[in-house]
Amino acid sequence: MSDAHGVARDQLRAFVERIERLEEEKKTIADDFQLSDSIL
């Protein structure tokens with residue numbers, strides 16, 4: 001049973017890390033759009 005908890009914990013951690021990376025990418029893209037709008 002402990003093994004199942006470890007697997008679930010690892011999956012949850014990976015999921016959270018993926019969300020954090022996507023949030024960073026989202027901010028980078030938004031910043032790029034703002035930069036391109038200021039150039040135009």
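What the table shows:
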quantity: Scan of the range 15-40 for residues that are of a type in the set (Gly, Ala, Ser) and surrounded by fewer than 10 Cβ atoms within 10 Å (Cβ to Cβ), ordered by number; calculated: Ser36, Ser38
quantity: Meets criteria (at pLDDT below 95 and within 20 Å of the chain's Cα centre (by Cα)) for Phe15; calculated: no
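The values are calculated or read from the model by the stated rules, or taken from the named source; none is laboratory data. No experiment lies behind these values; they were computed from the predicted model shown. Every residue, glycine among them, receives a Cβ derived from its backbone with ideal geometry; neighbour counts consider all protein chains shown.
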